[in-house]
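The structure appears below as structure tokens.
Values quoted throughout were computed directly from the atomic coordinates according to the rules given, and no laboratory measurement underlies them. Quick caveat: nothing in here was measured; it's all calculated off a predicted structure. Glycine gets a Cβ as well: all are built from the backbone with ideal geometry, and neighbour counts include every protein chain shown.
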There are 2 protein chains.
Amino acid sequence: MKFSKIPAATITRLSLYSRNLEELESEDVKVVSSEKLAERCGVNSAQIRKDLAYFGEFGVRGVGYYVRDLLFEIKKILGLNKEWNLGLVGIGNLGSALIAHDNFIRQGYRFVAAFDNDIHKVGKKLPSGLMVEHIDRLREIKEKANIEIGVISTPAGRAQDVANRLIEANVRAILNFAPVHIQVPKGFSVENVDFSIKLDNLAYHLTTEV
Amino acid sequence: MKFSKIPAATITRLSLYSRNLEELESEDVKVVSSEKLAERCGVNSAQIRKDLAYFGEFGVRGVGYYVRDLLFEIKKILGLNKEWNLGLVGIGNLGSALIAHDNFIRQGYRFVAAFDNDIHKVGKKLPSGLMVEHIDRLREIKEKANIEIGVISTPAGRAQDVANRLIEANVRAILNFAPVHIQVPKGFSVENVDFSIKLDNLAYHLTTEV
């Protein structure tokens, strides 16, 4: 599927809708009104209708959305009707936590390879069963294991170098946990995870509500 | 300061502006146009002007923004002109990674206490010098160490119980890393960190750009 000019914020909200629809499905809810779904997601219902309108007609007037159908459609839009293979680089505390985080699996993401450049870590088996490989084998293992998304959990100073290796190996999407901005060429995507932006939101609330 | 009805997205973007202004300041840039700042932040310049307009008049026509002044003002708005004290609950891999993450410190957040309920961890000294305390001492240590923001890095099944304890101890803001939604009463704030939403963005790009 190809849609033109979908705002990035819409894509992020689709993720959020999908998470909440999954919860509703697990609670055995069959139908949800746009108001109820909106309330749950912390947005307004006009926003949901606007976001979905980019992709077609969903929902039934006077009824709402069929939970399972809408979830299926949103997953198709986001490309989540398949599993995605992740390769992790940097097996420190954060890397180990990420690989053990069962939320990834639940959402359709699966770590298929783990890399480090520390020879004391290479060859070790992680609790998940994966073996830590040397980063020099990235390109070869990328092909074998079909790594689609690279996850960087190295120190900041190593992150761009690791990104360059992922790019050389043609891993076209990168999730970066290192506290530094990563440059990627056209045709490659990068998302930076910055915990402290969430903290700024909390600080703002604490400051204004006192 | 108290501003009414500032959209949450504006606050998140202010964080982003502040990060980029800090980088500019460290590069010794004195003045930046709204176009340049916008490009760097990945938004459009009208958005920056609109976001800042909630809080007053910034920038000089035909010149742009004075980097240091704008950074100062934004930090004041966000409540980042002070240090914030964090208390971490859950000293597994993720908790250990968070406490070692130097980005928090750089952004004005400081871990002042660490808790767990595992008696094998309680009493251990972390590399940062902090000692792991038993979660039962939360209320007492909250007062002593002035914990302002609670950070939850426990397994999902423990997170709401930990949140309840933080609330009982009157820790009014919570950053939650556990893959579960946390309920807090009015007057308390919670931000959930969900890595997989970022992955969904990447999956969408991989799906649409092929």
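For this structure, a couple of remarks:
- Length gained when the stretch residue A:81-residue A:35 is fully extended (0.36 nm per residue, less Cα-Cα span): 14.0 nm
- Karplus-derived HN-Hα couplings along region B:138-153 (A = 6.51, B = -1.76, C = 1.60, θ = phi - 60°), whole Hz, x at Gly and Pro: 3, 4, 4, 6, 4, 5, 4, 9, 6, 6, 9, 10, x, 10, 9, 10
- Cα centroid separation - region A:142-164 against region B:88-149, whole Å: 29 Å
- Cut-off 15 Å between beta-carbons: net charge of the residues surrounding residue B:182, Lys and Arg +1, Asp and Glu -1: +2
- When each of B:75/B:125; A:50/A:75; A:50/B:5 is checked by Cα-Cα distance, pairs over 25 Å: B:75/B:125
- Simple Cβ-charge dipole of chain B, Lys/Arg +1 and Asp/Glu -1, about Cα centre, in debye nearest 20: 500 debye
- Total formal charge among the other residues, if their Cβ is under 14 angstrom from that of residue A:140, Lys/Arg +1 and Asp/Glu -1: +1
- Residue-span extension gain [residue B:61 to residue B:27] - 0.36 nm each, minus C-alpha spacing: 9.9 nm
- Within the protein assembly as shown, antiparallel bridges make up roughly 15 percent of the DSSP beta bridges whose residues both belong there.
- Teacher prompt: residue B:131 distances to equivalent labels in other copies, 7 Å Cα→Cβ, nm: 4.4
- Simple spin-label estimate for residue B:68 and residue A:69 in nanometres, 7 Å along Cα-Cβ: 6.2 nm
- The calculated P(r) of region B:8-78, using every Cα pair and 5 Å bins from 0, goes 3, 18, 34, 30, 13, 2, 0 in percent.
- The angle separating the long axis of helix B:67-78 from the principal Cα axis of greatest extent in chain B is about 40 degrees.
- Three-way shape label, region B:62-210, alpha-carbon gyration tensor, a/c 1.5: oblate
- Proximity of backbone amide H atoms, modeled 1.01 Å from N, is registered between residue A:189 and A:173, A:174 at under 5 Å, excluding neighbours fewer than 5 places apart on the same chain.
- Sequence-distant lysines (8 or more away, or on other chains) whose Cα lies within less than 17 Å of residue B:76: A:198, B:2
- Extending 7 Å from Cα along the Cβ direction at residue B:170 and again at residue B:124 yields two label points whose distance is 3.3 nm.
- The GluC sites (Glu not before Pro) of region B:30-128 that DSSP puts in a loop, and whose beta carbon has at most 15 other beta carbons within 10 Å, are B:57, B:83.
- For region A:8-78, with +1 on Lys and Arg beta carbons and -1 on Asp and Glu, the positive-most of A:67, A:45, A:33 along the dipole: A:45
- Calculated label separations, residue A:119, copies of the chain, 7 Å along the beta-carbon direction, nm: 4.4
- Residue A:140 versus residue B:44: modelled label distance in nm, points set 7 Å from Cα along the beta carbon direction: 5.0 nm
- With q set to 0.12, 0.17, 0.23, 0.25 Å⁻¹, the log10 of I(q)/I(0) for region A:113-182, from the Debye formula over equal scatterers at the Cα positions, is -0.29, -0.60, -1.08, -1.23.
- Low-density loop positions, trypsin sites (Lys or Arg not before Pro), region A:31-93 - DSSP coil, at most 16 other Cβ in 10 Å: A:61, A:82
- Farthest towards the positive end of the charge dipole of region A:84-196, among the residues A:90, A:127, A:156, is the Cα of A:127, using unit charges on the Cβ of Lys, Arg, Asp and Glu.
- The tail of the calculated P(r) for the protein assembly as shown beyond 26 Å holds 59 percent of all Cα-Cα pairs.
- Antiparallel %, DSSP beta bridges [both residues in region A:67-210], to 5: 5 percent
- Rg to Rh, two decimals, where region A:1-128 supplies the alpha carbon set and Rh follows Kirkwood: 1.10
- Residues in region B:15-26 carry Karplus couplings, in order, of 4, 5, 4, 5, 4, 6, 5, 4, 4, 4, 4, 5 Hz; the curve used is 6.51 cos²θ - 1.76 cosθ + 1.60 with θ = phi - 60°, and Gly or Pro positions show x.
- Distances between copies at residue B:155, taken between label points 7 Å from Cα along the C-beta direction, are 3.3 nm in increasing order.
- With K and R counted +1 and D and E -1, the other residues having a Cβ less than 13 Å from that of residue A:118 yield a net charge of 0.
- For chain B, the longest site-free run once chymotrypsin sites (Phe, Trp or Tyr not before Pro) in DSSP loop states with at most 15 other Cβ atoms within 10 Å are removed: B:55-210
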